[in-house]
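These notes are about the structure you will find just below.
Read-outs throughout are calculated quantities, based only on the coordinates presented, and are distinct from any laboratory measurement. All figures in this text were calculated on a predicted structure; none of them were measured in a lab. Here the Cβ positions follow ideal geometry from the backbone for every residue, glycine too, while neighbour counts run over all protein chains shown.
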Amino acid sequence: MRQQILNQIVYALGQRNDFFIREQDIQLYLANHFINSHLFDNVFIEYHVPNNLIVNYPWPDSNNIYIDIVLEKNGRFYPVEIKYKTVAQVIPSMVFGQNANVILGHHGAQNIGCYDFWKDIKRIEIFEQTFQYVERGVVLFVSNDLTYQNATLNPNVGYTKFSIHHGRVIPVNSILNWNGNLAVANGRPKLITNYAYIINWKPMLIPQHHFILT
């Protein structure tokens, strides 16, 4: 089923040629696609998980966890997390029936963007470990910021181990930590992966946009 979910996301993104304005647009677009596919018994949006149900949850500042999408099939649950990190880009849009240009927001802070990707992956792993009926889920990262696809030039940069550059291979049980004692590390603890991962950026029909799916 997980492979079917991956295939469905790739198909849905491959059909999209209109811009996403914000992360929630991707969430609703995919949720609608999953519903119309009739492959799942239930499609949940903003699925609520109290963090007190998870022993030693690594991010104690969060009392409530919300998963972007959870898919249910035959009593098994598949969490899907989504990230959309952009740089400023003028895009065509419709505003109350009129043609208009809008500007995508500039997120910057690629170090935090990279960490958030791995945080979502670790959260998915934790859900699978903690809850009997949760299966391995999926993380989608979409961006028009091409710098994410490049390795850091300096291996001592603080977020090097969290890099999501194209072609990166993360073995099982990899320790991802910050280089040095950095302020950005506060509230963002090191992560240890349960699975191996390969970072493979794929282009979309939407100009400048690419995605990772793992």
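Placing pseudo-labels 7 Å out from each Cα toward the beta carbon at MET1 and ASN186 gives an inter-label distance of 4.2 nm.
When the chain is treated as a GNM with alpha-carbon contacts under 10 Å, the residue of HIS165, HIS38, HIS48 showing the greatest mean-square fluctuation is HIS38.
Note on the chain: lysine pairs with Cα distance below 24 Å, sequence gap of 8 or more or different chains, count 20. For the stretch 70-126 and the stretch 1-57, what is the centre-to-centre distance using only Cα atoms, to the nearest Å? Taking the Cα centre of each part, the stretch 70-126 and the stretch 1-57 sit 11 Å apart. The magnitude of the dipole of the stretch 68-165, with charges of +1 and -1 set on the Cβ of Lys/Arg and Asp/Glu and taken from the Cα centre, is near 120 debye. Counted by neighbouring Cβ atoms within 10 Å, the residues ASP120, ASP25, ASP145, ASP41 run from fewest to most as ASP41, ASP25, ASP145, ASP120. GNM remark for the chain: springs join alpha carbons under 10 Å apart, and the peak mean-square fluctuation among GLY113, GLY187, GLY97 falls on GLY97.
Each Lys and Arg contributes +1 and each Asp and Glu -1, all at the Cβ; summed about the Cα centre of the chain, the dipole is approximately 500 debye.
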